[in-house]
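The values are calculated or read from the model by the stated rules, or taken from the named source; none is laboratory data. Worth saying up front: this structure is predicted, and the values here are computed from it rather than measured. Cβ atoms come from the backbone with ideal geometry, glycine included; neighbour counts cover every protein chain shown. The accessibility values were calculated without ligands, DNA or RNA, using every heavy atom of the protein model including side chains. Shrake-Rupley method; radii C 1.70, N 1.55, O 1.52, S 1.80 Å.
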Amino acid sequence: MKTDITWAIGGEAGFGIMSSGTMLAKTFSRAGYGVIASNEYPSLIRGGHNFVSVRITTATVHAPKKSIHILIALNKETIDLHKSDLDLNAYVVYDEKDYAWKQEEFNHPITLISIPFSELLKQKNGDAVMRNTIALGVSMFLLGKDISLLTHVIQDQFKGKGEAIVTENIDIATLGYTYVKDHFEALHDQNISEGIIKEPQLVMNASEAVALGSLAGGMKFAAIYPMTPINALIPLFADHATELGIVYKQPEDEIAGINMAIGASLAGARSMVATSGGGFALMVEAVSMAGVMEVPVVIDLGMRPGPATGMPTWTEQGELHMVLHAGHGEFPRIILAPGDVEESYTLAKTAFDLAEQFQTPIFLLTDKYINETLWQLPREVLKTQTKGEIHADTDALPFKRYDRSTQSGISKRSFPGQKDHEYIANSYEHDEYGYTTEESGMRKTMVEKRLYKMKAIQAIIPPPTVYGEENADITFVAFGSLKGVVLDAMQTVKETGIKVKLIHFSWVYPMVEETIKQLLEKEKRLISIEQNATGQLASLIREATGVTIAEKWLKYDGRQWTTEEIIERAKGMK
Amino acid sequence: MKEDQFLTATKPTWCPGCGNFGIWMALKNALTKLAIPRENIVIVYGVGCHGNMRDWMNVYGVEGLHGRALPVAQGIKLANPNLTVIAITGDGDCLGEGGNHFIHAAKRNPNITVLVHNNEVYGLTTGQASPTAQIGMVTKSTPTGVVDPPFTPSSLGIFAGATFAARGFTGDIPFLAELIRAAIIHKGFSVVDMLQPCVTFDKIHTYQWYRERIQKVNISEESLGDKKQSIELASTFGEKIPIGVLHKRVENTSEDREIVLKNGPLSLLPTVSVDTLELLSQFQ
Ligand SMILES: Cc1ncc(C[n+]2csc(CCOP(=O)(O)OP(=O)(O)O)c2C)c(N)n1
Ligand code: SF4
Ligand SMILES: [Mg+2]
């Protein structure tokens, strides 16, 4: 029986490639399978090549696979580009009218399935953009499933658009299903094991999980200027602002965005911004301001390949150093880098509590891969949330907003509207009431007050998570979105007799020197695996702990490390 | 005389004779007359000589970054519309570094008041030309005279969508106080362009220079809403400089457009139960 299948669809941008991936992933998720869907597309709205692959497994899955079992090609280019990724005997669904493919044009035996997409659409007066819907019907048959699983998803997906649209989509999907059934009956795959996941799952990307986590963390104000790869946050907040009880504002630029968020925070609303590297570059001065004013603010930075505009729709982990050092002057910060959708939810939620507790900027460091890959999130996870309380403290008068006598460096906040608790939130150096000062003693204690918070933060930072076997032959060290692919690869590497371990940082900064040093020093062979060209995690580890990780596996072509690449390289080490 | 409730322990550090004194007095008079509880006032300051006022003004204050007062002010107002939010900005702060924020704030029409300390120079950085500096004016950054034509803050504001605009002169404190009061009462984005002599770095635009040119205008309520006429008046700057309320009309504010704010300040709204949200169906 088969327990692990990769289905993929490619075609021109504008032809619903992405949404077919989503629908198939949801269909199989509902049926108890593990699913993960990842996409590749250029920075174009129409005309470029769009590609989505959905990996379907009987149990939980951590990462996509490159090798394809079923390829739906809505144009010739899809096959040209992905021919080399086809598994032995893979099914290739295409339309002869696009190009009459022959077996000889492939490296190894495959099964060619020509479907007259345009002809079928004509029968139903369907629009050319609905080829993907036929493809979904075809896929259900090839995957050995009943069409009803898909039609339920179609119903839910399109119900907002009216009964007519629902019926049209179901009819067209059924047309595809019936066509393969009539012409390729033998290809109905009955060898696929049933999915075994019982707990209800949601299918979403990390941006959406960050959005939900933020809400669970009491977020009330978001100002987000659009930028790939965090755009999915926007409709979630904007379309549902009333239901969610929040204000979402589209600012004129990222500088305005973060300044608005800081303003809202000063007035007592938990607030956030989200952006990518270029937008974040514009925010940096205000990050420093949040540091000195001691204002809570959460910044979700979705990394993509730079420098500058770079490759907007591809992935990289190139901004760790930027975030570490962003903002002039010295002030505390925390950097969290979720490894998957569940961590995106929980860490986003936590970020707001941390911001509230330590009154300083908190970063969520995500990337294109994690933000635009569709993952499963156990619905149960959403039950965890915080009260989202903000602390408007009353205190002995006169109120000292920046009381420097506390050990932790944390002083009480007040909010406008609170009588006798006026203060100045001042970007200049200030005294305990917020009034500007340049006096040497006050300057010194205020710097120290802010940095004491770093010690308080260190005391609550959890260690990195360790996965895999004791006495490992090789130990991967990674942060953020590499978690899934490494975990996935480890299963196979282990089978080859190599003992393997992953030390994964989702709490990236600050690093607690002794803990991490001890953890790393007992490992035989450390490999830092990163999605950048300079080994930014390895250099942070070295700076924070003195431990040098000599071996670095770095990838910076804009494409996420794949399971296969890791396995290949690990095997080569034997 | 009533005690000045806004005083702090710090005394102003502006140059003796600086136009900022008059603005400070006028603002305090306007606030006193309005009798807004002190704790409900938030002043967001730009960075410049004008912004130094924060240290001698006992209200909730935010001294932000150069040019960025308006986004902070909007964030505060969107989080708690019950507050009276005032931005103290400079001509450089508001129209140079912060020009984009100014036009976009005007476009949104939040119920906040922007007081532009218009001294034609960057005072705090010792006297370079500001975006309102007149052609020919010799400054530290324009040794042979300004060559690029200036802005007038109110005309730009009206054009972009401000629903209230006025121009005042810091040499006439009672009149300026009235304008500031009217601007604060106005429900919407109000701009007051305040002609402010910088006695240290601008030897041309003295109190006397302004006194010879300003002319009070008294426009009827009906014609105050005429954008074209208001822009015309607001851009008149030379031998004659009209002062007074130049523009006024009623529009929805950006806070009006946020339905959740009808339930009160954001800080008082409960955190949603994420696991029961209807929108979760889109992820199934
Ligand atoms: C980002 C940034 N750039 C430059 C400065 C330096 N700076 C401080 S005040 C100022 C100009 C102030 O001019 P204006 O806003 O007209 O205020 P005034 O001093 O005239 O009241 C400048 C350029 C700064 N603080 N921040
Ligand atoms: S430099 Fe000019 S604007 Fe600044 S305080 Fe002195 S007189 Fe006033
Ligand atoms: Mg100025």
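Scan (1) over 15 Å from the mean Cα position of the chain (by Cα); (2) within 12 Å of chain A (Cβ to nearest Cβ); (3) within 16 Å of ligand 2 (Cβ to nearest atom); (4) without any contact (Cβ under 8 Å) to a residue 40 or more places away in the chain for the single condition B:H66 breaks and write down its number.
(1)
Say we look at segment A:275-327 and pick out the residues that are over 15 Å from the mean Cα position of the chain (by Cα) and assigned to a strand (DSSP E or B); which of these is nearest to A:T228 (Cα to Cα)?
A:V298
Output the residue which, of all residues in segment A:430-454 that are within 11 Å of chain B (Cβ to nearest Cβ) and touching a Ser or Thr at 6+ places or on another chain (Cβ under 9 Å), is least open to solvent (accessible area, probe 1.4 Å).
It comes out as A:H430.
How many of the residues making up segment A:11-50 are under 22 Å from the mean Cα position of the chain (by Cα), modelled with pLDDT of 95 or more and open to solvent by less than 20 Å² (accessible area, probe 1.4 Å)?
Residues in segment A:11-50 being under 22 Å from the mean Cα position of the chain (by Cα), modelled with pLDDT of 95 or more and open to solvent by less than 20 Å² (accessible area, probe 1.4 Å): 14 in total.
With segment A:377-486 as the region, which strands (runs of 3 or more DSSP E) entirely inside it contain at least 3 residues that are touching a Gly at 6+ places or on another chain (Cβ under 9 Å)?
Passing ranges, in order: A:424-426, A:474-479.
Do we find a residue being out of contact with any strand residue (DSSP E or B) (no Cβ under 6 Å at 6 or more places or on another chain), open to solvent by 20 Å² or more (accessible area, probe 1.4 Å), assigned to a loop (DSSP other than H, G, I, E, B) and within 14 Å of ligand 1 (Cβ to nearest atom) anywhere in segment B:139-148?
No.
Have a look at A:R569, A:R559 and point out the one that is among the charged types (D, E, K, R), part of a loop (DSSP other than H, G, I, E, B) and either at pLDDT below 95 or open to solvent by 30 Å² or more (accessible area, probe 1.4 Å) (or both).
A:R559
Give me the pairs: first residue in segment B:125-149 and among the basic types (K, R), second residue within 16 Å of ligand 2 (Cβ to nearest atom), beta-carbon distance under 6 Å, and six or more apart or on different chains, which are they?
Within 6 Å, the pairs are B:K140/B:G127; B:K140/B:Q128.
Being open to solvent by 30 Å² or more (accessible area, probe 1.4 Å) and without any contact (Cβ under 8 Å) to a residue 60 or more places away in the chain is the filter here, so list the residues in segment B:97-113 that pass it.
B:E97, B:N100, B:I103, B:H104, B:K107
Go through segment B:27-57 and count every residue that is more than 16 Å from ligand 2 (Cβ to nearest atom), open to solvent by 10 Å² or more (accessible area, probe 1.4 Å) and in contact with a helix residue (DSSP H, G or I) (Cβ under 7 Å, 6 or more places away or on another chain).
The total comes to 3.
Condition check: more than 14 Å from chain B (Cβ to nearest Cβ), in contact with a helix residue (DSSP H, G or I) (Cβ under 9 Å, 6 or more places away or on another chain) and among the acidic types (D, E). Does A:D420 satisfy that?
Criteria not met by A:D420.
For segment B:142-156, indicate whether the set of residues that are over 12 Å from the mean Cα position of the chain (by Cα), more than 16 Å from ligand 3 (Cβ to nearest atom) and within 14 Å of chain A (Cβ to nearest Cβ) is non-empty.
no
Answer yes or no as to whether B:S230 is more than 14 Å from chain A (Cβ to nearest Cβ), among the polar types (S, T, N, Q) and surrounded by 20 or more Cβ atoms within 10 Å (Cβ to Cβ).
yes
With the checklist (1) in contact with a Gly (Cβ under 6 Å, 6 or more places away or on another chain); (2) of a type in the set (V, I, T); (3) within 16 Å of ligand 2 (Cβ to nearest atom) in hand, flag the one item B:T126 doesn't pass.
Among (1) in contact with a Gly (Cβ under 6 Å, 6 or more places away or on another chain); (2) of a type in the set (V, I, T); (3) within 16 Å of ligand 2 (Cβ to nearest atom), B:T126 violates only (1).
Looking at (1) touching a Leu at 6+ places or on another chain (Cβ under 6 Å); (2) open to solvent by 20 Å² or more (accessible area, probe 1.4 Å); (3) away from every other protein chain (no Cβ under 14 Å), which is the one condition that is false for B:V272?
(3)
Hey, among B:A73, B:A87, which residue is open to solvent by less than 10 Å² (accessible area, probe 1.4 Å), assigned to a strand (DSSP E or B), more than 16 Å from ligand 2 (Cβ to nearest atom) and small (G, A, S)?
Sole residue among the options that is open to solvent by less than 10 Å² (accessible area, probe 1.4 Å), assigned to a strand (DSSP E or B), more than 16 Å from ligand 2 (Cβ to nearest atom) and small (G, A, S): B:A87.
Hey, among the residues in segment A:351-372 that are within 14 Å of chain B (Cβ to nearest Cβ) and surrounded by fewer than 22 Cβ atoms within 10 Å (Cβ to Cβ), which one's farthest from the chain's Cα centre (by Cα)?
A:E356
Quick one: in segment B:1-20, of everything that is within 13 Å of ligand 2 (Cβ to nearest atom), surrounded by 11 or more Cβ atoms within 10 Å (Cβ to Cβ) and over 16 Å from the mean Cα position of the chain (by Cα), which residue is farthest from the other protein chains (Cβ to nearest Cβ)?
B:G17
Counting only residues that are part of a strand (DSSP E or B), near ligand 3 (Cβ under 10 Å from one of its atoms) and either within 14 Å of chain A (Cβ to nearest Cβ) or crowded, with 24+ Cβ neighbours inside 10 Å (or both), how many does segment B:114-128 have?
Final tally of qualifying residues: 5.
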